[in-house]
Amino acid sequence: MKPRALWPFVLLAVIFALLYLPKYKTSSGTLPSAKDAPAGAQTLPQEPIGKEDFFNALFTQSRPPEWMGKLLFMPLSETSQDTLQKALKWANETSNAPLVSYLQSLLAEKQGGEDNLTTAARTLIFAASESLDNPVVAAYLFQQGKRLLDTVLKSSPNNIPARNALIVFQSEYENQPMKFLGTLRETIALDSNNLETRFLRLNLLRKSAQWKKAAEECQKLISLQPQNPAWYFQASDIYGFMGDSVNAKVYLNLAVKVQNSNKTK
């Protein structure tokens, strides 16, 4: 598999926006302390979630049209891409974000192949991370994502995008620090310059208030992607927690400068 096929730089911005900014970003562009991070993982059901329970949790306020209900319970092999696209259009129109991600994953899974299965798994895992306020929905998405990850990693254990999704699964669903720390270290050893893996490490260091290491990780991310203002904002925030007001201001100014520079391009 060619990692670049699944890893354009824009994907990092999407992951950053979808997974972390809604949870941690403030109006000032900085992040609160690690103690404010939501618990999330330990509240999720660990027993297998059935499709019926998933959809009952998904449609608490309204019921889907009859054709949609039938489609959702059909085996994937009996569905068509056209029907799934129709369902995806309905899910988008009704602003049902977990259902949108679920249907996107089905479309990718139906196409088959390692790249598509990886995309499907990541879509489910990241959607689950955004659905923690609905534990049954989140648990089902995590479990389905893990099912696909197992398939991908069995045949391609060094698949970095899949391993990164596994780190998120182990951290947010299983809540097993030693497990995801081991996966994180192994993944960095495989590719020390992967932006997403490094960002996952930065997030871990923030949550555990390891500010000095977090600052060093920011420097690594800045060296890898100097035109991303997010890393400068993160560095400014971390130096603020360390009590280093000089560097906090320096990196805040750099973040604004890079941000403004990007707008003019």
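Brief remarks follow.
- All of K25, K86, K35 fail the test of being at pLDDT 80 or above and either basic (K, R) or within 26 Å of F233 (Cβ to Cβ) (or both), apart from K86.
- Selection within region 57-97 - part of a helix (DSSP H, G or I), of a type in the set (S, T, N, Q) and either under 18 Å from Y140 (Cα atoms) or in contact (Cβ under 8 Å) with a residue 60 or more places away in the chain (or both): none
- Selection count where residues are in a helix (DSSP H, G or I), surrounded by fewer than 15 Cβ atoms within 10 Å (Cβ to Cβ) and among the hydrophobic types (A, V, I, L, M, F, W, C), scope region 225-265: 1
- Region 72-81: number of residues that are under 15 Å from V100 (Cα atoms) and either more than 27 Å from the chain's Cα centre (by Cα) or of a type outside the set (A, V, I, L, M, F, W, C) (or both): 1
- Condition met for L190 (buried (at least 19 other Cβ atoms within 10 Å of the Cβ) and aliphatic (A, V, I, L, M)): no
- Single residue of L224, L195, L184 found to be at pLDDT 95 or above, more than 30 Å from L44 (Cα to Cα) and of a type outside the set (K, R): L224
- From the options N247, N253, residue that is free of Cβ contacts under 8 Å to residues at least 40 places away in the same chain, touching a helix residue (DSSP H, G or I) at 6+ places or on another chain (Cβ under 7 Å) and over 23 Å from T197 (Cβ atoms): N247
The values are calculated or read from the model by the stated rules, or taken from the named source; none is laboratory data. Because the structure is a prediction, the values reported are computed rather than measured. Neighbour counts are summed over all protein chains in view; Cβ atoms, including those assigned to glycine, are modelled from backbone coordinates with ideal geometry.
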